[in-house]
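First the structure, in the form of structure tokens, and then the observations on it.
Please treat every number below as a calculation from the coordinates, not as lab data. All of these numbers come straight from a predicted model, not from anything done at the bench. We place every Cβ from the backbone using ideal geometry, glycine too, and count neighbours over all the protein chains shown.
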Amino acid sequence: MKSSRMAEHGTAEHLPDPLPRKINVGCGYDRREGYLNVDLHAVHNPDLVGDVVALPMLPSGAFDEVLAQDVLEHFERAKTAPALQEWSRLLAPGGVLHVRVPALAGMFDLLSQPERRDPARAEEIIHLVYGTQAYTGDYHLAGFTAQTLDGRLRDAGLLVCEASILHGWLFDVRARKTDRLDDDREFVHSAYFSILGRPADAGGLANFADALAQRRMTRDDVTAALRNSAEARFLANHPAYLLPYAARIEPGVGQSLRNLAAALLRLVRRR
């Protein structure tokens, strides 16, 4: 693959031929083999210098994966939706966008911990909230809840297919370019994230995915189970940060979704 030389305004002198099937937008110094590495700053020596919110020199549907780690939060909030739309445009049908962005609630949880009352420890979290601020563009201008991230992704034609929380404050999310997730595990991941606002726990994921695979439950059953769960009812009336104390606040709310799935399965079998 030929290396590309790009003018700083993002006009291609020549693109790699053939194009890789994966693209790393906002790569910084994290240049990856097998990816087209794109960044706004030439100092990072990317394959392509350009504004990753608008990459008209790249064809639609050219990539199976778009990687955007620690990128979206550096845009003005009004630009996060156009950025996701552009990255979706670059994806082939069924392709996956992999994003890593700050989870606002997770930052709040970390900052509220007793040990963070020490100013030096609090500064560690404040750094995460606002960015390193070491150079132009190295500022955090946006953050996300599960619901706002899920909504922006859906608006761009992308469905969450896997989600996790890293270090207590980062959403690590994969979203597929599709209007329906064919894989049952991906569907369960998406349902947890959109309904409960969190990644699926291992027990709930396994139970629901197995029930779907064995046709003991439908996807509507899974959706109903999550929406009617004790956790969802608690979240409808209380701040999410109180969830660890839910059993003390409302007896019975501590029931795990694993038990909920098992109970629903028993009901389904009686039909």
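Using helices alone, I'd like the mean residue ellipticity at 222 nm for the chain: each DSSP H run of four-plus residues gives -39500 (n - 2.57), total over residue count, nearest 500. Computed ellipticity for the chain at 222 nm equals -10500 deg cm²/dmol. By other beta-carbon atoms within 10 Å, ranking Trp87, Trp169 with the fewest at the front produces Trp169, Trp87.
Ranked by how many other Cβ atoms sit within 10 Å of their own Cβ, fewest first, the residues Glu76, Glu86 fall in the order Glu76, Glu86. Summing Cβ point charges (Lys, Arg +1; Asp, Glu -1) relative to the Cα centre of the stretch 51-132 gives a dipole of roughly 180 debye. Between Asp155 and His167, the simple spin-label model (points 7 angstrom out along Cα→Cβ) gives 2.8 nm. Full extension of the chain between Asn45 and His98 gives 16.9 nm of extra length, using 0.36 nm per residue less the Cα-Cα distance.
Here the relative contact order of the chain, from alpha carbon pairs under 8 Å that lie six or more residues apart, stands at 12 percent.
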